Amino acid sequence: MTAFTVTQNLPYPTGTDLVQDMPIHMRRLAEATDARLSVQDAAIVESRNPPLAVVRQKLDRSYATTADPVYEYDEVVVDTFALADLAEDNRVLRLKKIGWWVIGGYVSNRGAGGSPGRQRLYLDGTGGMSYYQMSQSNHDGNTSAITLSIDTICRVSNAATARVRLLGNFSGTSIASTVLSDTTMLWAYWMREL
Amino acid sequence: MTSLTKNQKLPYPSSDQEGARGGSATQALAEAVDARLIVVDAAWVAEQQHETKILTLNNPITALAANTYSNVLMETAQKAVGGNPSTQQIMAFDPGWYHVFINLGVACSGTINAGTRRRVEARLREPVQWDRFGTYRETYVHEEYQTTAGETNHGLTFVTKLGSGTTMELWYWHQNTGSTLTIVTANTVVSATRICGDV
């Protein structure tokens, strides 16, 4: 009677089995081992190619500075896990796997002005993410370009609802009512299990 | 007659005749599994070692000229994991997608006029022939304005695809009319960590 190993469920013959049936038992063991190793191979491939997406906006786009603008994108640079759906929502990446993610963004704005003024950039998450808000600031004495980039690690516990988006924030004296963003990027890649 | 499993090509006897030679057939299977596990182990080890190139600046670069671009040559790198400090650039990447982190520290003295610019650029270049480099493919920027003297640090991060011929250079623009000295400090580092292959 066939028995099975405790952890990997691999079959082997026991004392009541016939010696002449060894080919059958060996085939079962070989095929079970084959299946188990194939699962291992798939896990390695998945680990080597984690979910990754980069979306980008390369054409000038105007944003109001009165409220924190949510940056938008019109191009999917890379997407290995269907994280981006710009037709559905061109402002977010969907973090569709439970675990720890690296998320980040990059924005080049011009025309904010301020005397002095300050721009911030932060990542905002929904749907079970924590550690979702980071910022970076700088002073701006004129209307030239300001380019900022940020990264953080976030925890995703609900893969069905987790989203990340990139926002700006403007403060100071004599800030212009709008800024022109000429390059905007948002990225996310899965790092490890919780 | 020996048969092989579909994916891993593990041998097993397919006839009663081989069943009578169970010892050798079992050995063949065990050795095939052993060999396959070595391959799997090696793949796991390789997976855990994400290629990372790091260059840091050991000695400050002094007296940089203002109002012009300066190539921050990382020839004084104190640590280069897979980098190439002798070429003063980061290059020879295993093709794939990389997460790049840059921090550039800069100190200046003298009068700092309001609105003076600090611009850090990471310039990516691809070769067009085997013996020369092409024009810049992409330039990633950190740009801000500082109004005070002393050391400031400027961070730049991005995700991009890098190839075996890609060269990454670090450039700095210090726009100012009042400061008398600019130093790129040792708090300067460039790193690139591979996320995955060229998907």
When every residue in segment A:26-38 that is under 18 Å from B:GLU31 (Cβ atoms), in contact (Cβ under 8 Å) with a residue 12 or more places away in the chain and touching a strand residue (DSSP E or B) at 6+ places or on another chain (Cβ under 8 Å) is compared, the one farthest from the other protein chains (Cβ to nearest Cβ) is A:ALA32
Those residues of segment B:145-157 which are closer than 23 Å to A:GLY172 by Cα and at pLDDT 85 or above amount to B:ASN153, B:HIS154, B:GLY155
Only unsatisfied item for A:GLN133, checking (1) away from chain B (no Cβ under 11 Å); (2) modelled with pLDDT of 85 or more, is (2)
Of the residues in segment B:89-129, those that are aromatic (Phe, Trp, Tyr) and either at pLDDT 80 or above or on the phi > 0 side of the Ramachandran plot (or both) come to B:TRP97, B:TYR98, B:PHE101
Residue count, segment A:2-25, condition among the acidic types (Asp, Glu) and at the interface with chain B (Cβ under 10 Å from one of its Cβ atoms), comes to 1
Being surrounded by fewer than 17 Cβ atoms within 10 Å (Cβ to Cβ), under 23 Å from A:LEU52 (Cβ atoms), at pLDDT 80 or above and among the hydroxyl-bearing types (Ser, Thr, Tyr) narrows B:THR139, B:THR160 down to just B:THR139
* Asked: Is it true that B:PRO85 is modelled with pLDDT of 70 or more, surrounded by 13 or more Cβ atoms within 10 Å (Cβ to Cβ) and more than 8 Å from chain A (Cβ to nearest Cβ)?
  -> no
Only one of A:THR184, A:THR178 is within 21 Å of B:GLU121 (Cα to Cα) and either under 11 Å from the mean Cα position of the chain (by Cα) or among the polar types (S, T, N, Q) (or both), namely A:THR184
Flag if A:ASP21 is under 30 Å from B:MET1 (Cβ atoms), surrounded by 12 or more Cβ atoms within 10 Å (Cβ to Cβ) and in contact with a helix residue (DSSP H, G or I) (Cβ under 7 Å, 6 or more places away or on another chain): no
Residues of segment B:22-44 being free of Cβ contacts under 8 Å to residues at least 12 places away in the same chain and over 39 Å from the mean Cα position of the chain (by Cα), in sequence order, are B:GLY22, B:GLY23, B:SER24, B:THR26, B:GLN27, B:ALA30
Filtering segment A:39-58 for residues that are part of a helix (DSSP H, G or I), touching a strand residue (DSSP E or B) at 6+ places or on another chain (Cβ under 8 Å) and of a type outside the set (Lys, Arg) leaves a count of 0
**Prompt:** Quick check: is even one residue across segment A:80-95 at pLDDT below 90, away from chain B (no Cβ under 14 Å) and exposed (fewer than 13 other Cβ atoms within 10 Å of the Cβ)?
**Reply:** no
Within segment A:59-78, is there a residue that is assigned to a strand (DSSP E or B) and in contact with a Cys (Cβ under 7 Å, 6 or more places away or on another chain)?
-> no
Within segment A:145-173, the residues that are assigned to a loop (DSSP other than H, G, I, E, B) and within 13 Å of chain B (Cβ to nearest Cβ) are A:ALA145, A:THR173
Selection from segment A:39-56 of residues touching an Asp or Glu at 6+ places or on another chain (Cβ under 8 Å), more than 7 Å from chain B (Cβ to nearest Cβ) and either over 30 Å from B:GLN49 (Cβ atoms) or charged (D, E, K, R) (or both) yields A:ARG56
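The values are calculated or read from the model by the stated rules, or taken from the named source; none is laboratory data. Every value quoted in this text rests on a predicted model; they were computed, and no experiment measured them. Don't worry about glycine lacking a Cβ; one is built from the backbone with ideal geometry, like all the others, and counts go over all protein chains shown.
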